Amino acid sequence: MISVNNVSFRYAGTPSNVLTNVNLQIKDGDFVAIMGENGAGKTTLVKMFNGLLQPREGNVCVDGVNTREKSVAQLSRDVGLIFQNPDHQLFAETVSEELSFSLRNFGFDEEVIKRRVTNISTALDLDKYVESSPFILSGGERKRVALAAILVWDPKHIVMDEPTIGQDYLQKDRLRNFIVQLISQGKTVVIVTHDVEFVAECKPRIVLLSKGTIIADNSASKILTNNEIVTRASLVRPQIAELIHQLPISEKPSDIIDAYGARDFLVSRLRGIHPNTKKICG
Amino acid sequence: MPAISTRDLTFTYAGANAPSMESVSLSVEKGEFVILTGPSGCGKTTFCRCLNGLIPNFYSGELRGDIFVDEVNVSEKSTAELSRHIGFVFQNPENQLFSLSVERDVAFGLENLGVPEEEALARVKWAMKSTGIENLRNKAPYELSGGQQQRAAIAGVLAMKPNIIVLDEPTSFLDPKSAEDIIGVIAQLNREYRITTILVEHRLDIVSRYANRVIIMDQGKVVLDGAPSEVYGDKARLIGIGLPKVTTLFQMLRREGFPLYTNPITVEQASGELSKVLQK
């Protein structure tokens, strides 16, 4: 459980708050997307989950313990934070060394290290690069190395800052499946993202930040179909939500945000109008 | 003469076993707005690096084939000389901005080229106006939002008055509203000044409406090339291209047997087509 209680924060030497009176409870096994405009305070907020930043007012507790009472190193064992820019995180000469570094620090056996590195490399489609330098890989590939380097030590809570940047559609699909797998293992997954289309497909709980305060906290289908609130946070509605909104028909559902939902709704409507259509196989 | 012309362009990075880009022969006409997309590692960034000579000048390896940009044979010019013809905007504007004020940043390239002061000032003013950042002239880049920084980076490139601009995922760090604004600025520059635009993007939902052409690369080769509505079909989907969601929806509805014969790119097109079949 990650618990954010009445948290306010401003960076030293700056006049105004980046976060103001933020309250948030994230239960074990939750999947949460923190969204909002550039500069809304999203990254600042998640940096408090592993103690990289401490609130000026209020407190953050992870599994019941105030983050002030533990070091960042101790907290990181439970809260894996993957940075937005992989180059802020990567340093080793090969992907394999990058992935084993933390495990060696945590004192795992070489046998366990080898097995874990193999498993995570396969899961994130990095197996062909294990002996390459992370720095010759593409931006999207480096991003996956950074993710693997944290996931390899199996933290209980996983926080990913903009995980879909530079990822193509197949990689995003793989990431989505991987997140589902993590949640089904009871892990907490928090993503910070601008990617409304990715969120529309994953359908997490959304915490919407704007100018340092939480302006909404609800399901993806409730938030991403609410134009007023989406606009306040500099987001746009997903294409499918926008399409359903624009269709000049009555009695439309208000919670459709992805192509599958739209297909099911439209097929039922269209079958009434075009009763003789037959599904094309193949 | 086309704005960009390549013949059998092949490049293998030093130390790599296989080419990252193979036999790419392309011609892009002046004023085109081209989206270049494809799965991670498909060779699109490698292709862009060849356009301004970063390959082979800064990335070593074996380059074969011919490449002409703005009627200039790229192999005969330095990257600095090529910057008069072709401008680059990167994913992260922080990599491009380093001066103490936005105005100084926008002027930096011009000073290096030795453009006379009066002309340089006029170009800086024009570039900042065209990208909507005149009011930020005295701000430091680190005081700006991500969207403002990317506008400043584009202004710096624009001030060089290149005939061609290449943008490598310029909106990926931006929130959707700022991303739409930036793409709008780029599209406007393309229309008003006929700047040939090559936009490397995965977010086809946002950008497709502005492009007259989409080039899809896969495993180092060009595999699809045409208007967005022609290219966004089953083949693109199977390669793993994230098609606009309205295009995907229409593919699904066609498989259900409904008479939807176009490939919409925008919500407006999709809504128009669906309205017709919903009323029959």
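The values are calculated or read from the model by the stated rules, or taken from the named source; none is laboratory data. This structure is a prediction, so every number in the text was calculated from the model and none was measured. Reconstructed Cβ throughout: ideal geometry from the backbone, glycine too, with neighbour counts over all protein chains shown.
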What helices (runs of 4 or more DSSP H) completely inside the range B:39-90 contain at least 2 residues that are buried (at least 19 other Cβ atoms within 10 Å of the Cβ) and out of contact with any helix residue (DSSP H, G or I) (no Cβ under 6 Å at 6 or more places or on another chain)? B:44-51
Of the residues A:ILE249, A:ILE256, which single one is outside any helix (DSSP H, G or I) and either more than 9 Å from every other protein chain (Cβ to nearest Cβ) or in contact with a strand residue (DSSP E or B) (Cβ under 6 Å, 6 or more places away or on another chain) (or both)? A:ILE256
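The rows are residues; the columns are (1) out of contact with any Ser or Thr (no Cβ under 8 Å at 6 or more places or on another chain); (2) more than 24 Å from A:GLY166 (Cβ to Cβ).
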{"residue": "B:VAL24", "(1), (2)": "no, no"}
{"residue": "B:THR37", "(1), (2)": "yes, no"}
{"residue": "B:CYS50", "(1), (2)": "no, no"}
{"residue": "B:ILE67", "(1), (2)": "no, yes"}
{"residue": "B:ILE86", "(1), (2)": "yes, no"}
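Determine whether A:VAL18 is within 14 Å of chain B (Cβ to nearest Cβ), touching a residue at least 40 places away in the same chain (Cβ under 8 Å), within 22 Å of the chain's Cα centre (by Cα) and more than 27 Å from A:VAL180 (Cβ to Cβ).
Here the answer is yes, as A:VAL18 does meet what is asked.
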Failed item in (1) within 14 Å of chain A (Cβ to nearest Cβ); (2) surrounded by 17 or more Cβ atoms within 10 Å (Cβ to Cβ); (3) small (Gly, Ala, Ser), with B:ALA211 passing the rest: (1)
Inspect the range B:135-146 for any residue being in contact with a Gly (Cβ under 8 Å, 6 or more places away or on another chain), within 14 Å of another protein chain (Cβ to nearest Cβ) and at pLDDT below 85 and give the result as yes or no. yes
Only one of (1) in a helix (DSSP H, G or I); (2) buried (at least 22 other Cβ atoms within 10 Å of the Cβ) does not apply to B:LYS125, and that is (2)
Please go through the range B:265-280 and pick out each residue that is part of a loop (DSSP other than H, G, I, E, B), buried (at least 17 other Cβ atoms within 10 Å of the Cβ) and within 9 Å of chain A (Cβ to nearest Cβ). B:THR266
Which numbered condition in (1) surrounded by fewer than 21 Cβ atoms within 10 Å (Cβ to Cβ); (2) of a type in the set (Ser, Thr, Tyr); (3) more than 14 Å from every other protein chain (Cβ to nearest Cβ) is the only one that A:THR188 fails? (1)
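Hey, can you tell me all the residues within the range A:93-113 that are in contact with a helix residue (DSSP H, G or I) (Cβ under 8 Å, 6 or more places away or on another chain) and either modelled with pLDDT of 90 or more or farther than 23 Å from A:ALA73 by Cα (or both)?
A:THR94, A:VAL95, A:SER96, A:GLU98, A:LEU99, A:SER100, A:PHE101, A:LEU103, A:ARG104, A:PHE108, A:VAL112, A:ILE113
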Name the single residue, out of those in the range A:259-275 being facing chain B (nearest Cβ under 9 Å) and not aliphatic (A, V, I, L, M), that is surrounded by the most Cβ atoms within 10 Å (Cβ to Cβ). A:ARG263
Could you check, for the range B:224-237, whether at least one of its residues is charged (D, E, K, R), within 13 Å of chain A (Cβ to nearest Cβ) and either touching a residue at least 24 places away in the same chain (Cβ under 8 Å) or not in a helix (DSSP H, G or I) (or both)? no
Considering the range A:60-90, residues that are under 19 Å from A:LEU24 (Cβ atoms) and crowded, with 21+ Cβ neighbours inside 10 Å, and then whichever is nearest to the chain's Cα centre (by Cα), we arrive at A:LEU81
